[in-house]
Amino acid sequence: MAVVVGTELRRGGGKRPAGSIMSQFAHAAGICTITSSFAFLFALVIGLIR
């Protein structure tokens, strides 16, 4: 059963290789990290001003 599901997944969604999906996740994680660090620094500066 698992082999049949695996081959069906390859047939249906075999347009992108797995490495490309993982690199997209890594890229998105990097963007989220940078954005959250800027938001944290901005909140810290706003807190120090008040």
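The values are calculated or read from the model by the stated rules, or taken from the named source; none is laboratory data. Only a predicted model underlies this, so the values are computations on that prediction, with no experimental measurement involved. Side chains are part of the model used for accessible areas, which takes the heavy atoms of the whole protein and leaves out ligands, DNA and RNA. Shrake-Rupley method; radii C 1.70, N 1.55, O 1.52, S 1.80 Å.
Could you grab me the full set of residues in segment 16-48 that are open to solvent by 70 Å² or more (accessible area, probe 1.4 Å) and polar (S, T, N, Q)? If the condition is that a residue be open to solvent by 70 Å² or more (accessible area, probe 1.4 Å) and polar (S, T, N, Q), then Q24, T33, T35 are the ones that fit. Comparison of V45, V5 shows that the only residue that is at pLDDT below 90 and assigned to a helix (DSSP H, G or I) is V5.
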